[in-house]
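The values are calculated or read from the model by the stated rules, or taken from the named source; none is laboratory data. Values in this document were obtained by computation on a predicted structure and should not be read as measured data. Positions of Cβ are backbone-derived with ideal geometry, glycine not excepted, and every protein chain shown enters the neighbour counts. Surface accessibility is based on the protein's heavy atoms, side chains included, excluding ligands, DNA and RNA. Shrake-Rupley method; radii C 1.70, N 1.55, O 1.52, S 1.80 Å.
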Amino acid sequence: MNPAGTSEQVRRAWAIAKKDIRIYYSKGPVLIFGIFMPVFLFLAFFMGGRQLPLAFLLSGLMGMTLFFTSTAVSPAIFPWEGQAKTLERLAACPITIEAIVLGDMIASILFGIGVTAVTLLIALALGLSLLHGIVLGSAVLLAAVCFSAIGMLLAVPPTNVPSNIMMLSSLLKFPLVFISGIFVPLEQMPAWGLALAVCSPLTYFTDLVRYSFTGAHYFPVPVDITALGLCTLVFTAATMHLHRRTMPRRM
């Protein structure tokens, strides 16, 4: 694809992102799974009587917020549009499958970053000090791309039933939350738990958030950044490849 063609596809991907934000991000399932669910999990753990520092808990809340919001609607966009028969009209337009997927990812990225920014303001209002702002900003941006790619990867199965995809999404997201050091510090995990934790990109993002607020971390910061970057590349490449294969079966 020539540069002019590339820029035109990016412009069309941005148009899709604006459409997604306007149509889908006020839907009930998005608000419940993207915003209320991490807050309820945080409150349940916060009031459970465990003596954990506020910085630890709020860092976990920020990790959950970005993870849940960035994966809230992206898995269900294709099934929703398949039901409404709008996906066929979109595929008939002069736009590549990669641009369609990119547009959905951009919408998820912006939604995730926006809600996470609110969580950051709450943390600062409660007295937490931001020690490493550049690290936090880089981690949020990188993780938002990674998590939105995971959300789009969950949408690969060519089904037009959103509930099927949302069930698959929940089966993946909740275990990831509990193995990623959000509720239990990594240094307190058993060996098998730590072995699972290193497989989750959410682990590295949460570790970076805690470093940004407290200066403490489990993995070295370059390791966290590198692992998160590799996960982003792998999940994005897999998403683009698999959607290119399954898109014709949706029609």
Task: Between the stretch 189-251 and the stretch 60-91, the Cα center-to-center distance that results, in Å - done: 19
Task: Average accessible area per residue (Å²) across the chain - probe 1.4 Å, nucleic acids and ligands excluded - done: 45
Open item on the list: Less than 15 Å apart at the alpha-carbon level, and either on another chain or at least 8 residues along: which aspartates and glutamates does that give for LYS19?
Closed with: GLU81, ASP104
Open item on the list: Compute the helix-to-body angle for 133-154: its Cα long axis versus the longest principal axis of the chain, expressed 0 to 90° and rounded to tens.
Closed with: 50
- [ ] Please determine, in degrees from 0 to 90 and to the nearest 10, the orientation of helix 74-84 with respect to the longest principal axis defined by the Cα atoms of the chain, where the helix direction is its Cα long axis.
- [x] 30
Open item on the list: Working only with C-alpha atoms, what are the Rg and Dmax values of the stretch 163-251, expressed in angstrom?
Closed with: 15.8, 51
TODO: Round to the nearest 10 and give me the degree value, 0 to 90, for the angle of helix 97-125's Cα axis relative to the longest principal axis of the chain.
DONE: 30
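Would you mind telling me the share, in percent, of accessible area of the chain contributed by carbon and sulfur at probe 1.4 angstrom? Intermediate values should be presented prior to the final figure.
Working: 8190 of 11280 Å².
Carbon and sulfur together cover 73 percent of it.
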- [ ] Please give the peptides 179-190, 101-112, 236-247 ranked by average Cβ packing (other Cβ atoms within 10 Å per residue), highest first, as a rough proxy for protection.
- [x] 101-112, 179-190, 236-247
Task: Largest to smallest principal axis extent of the C-alpha atoms in the chain, angstrom - done: 56, 37, 37
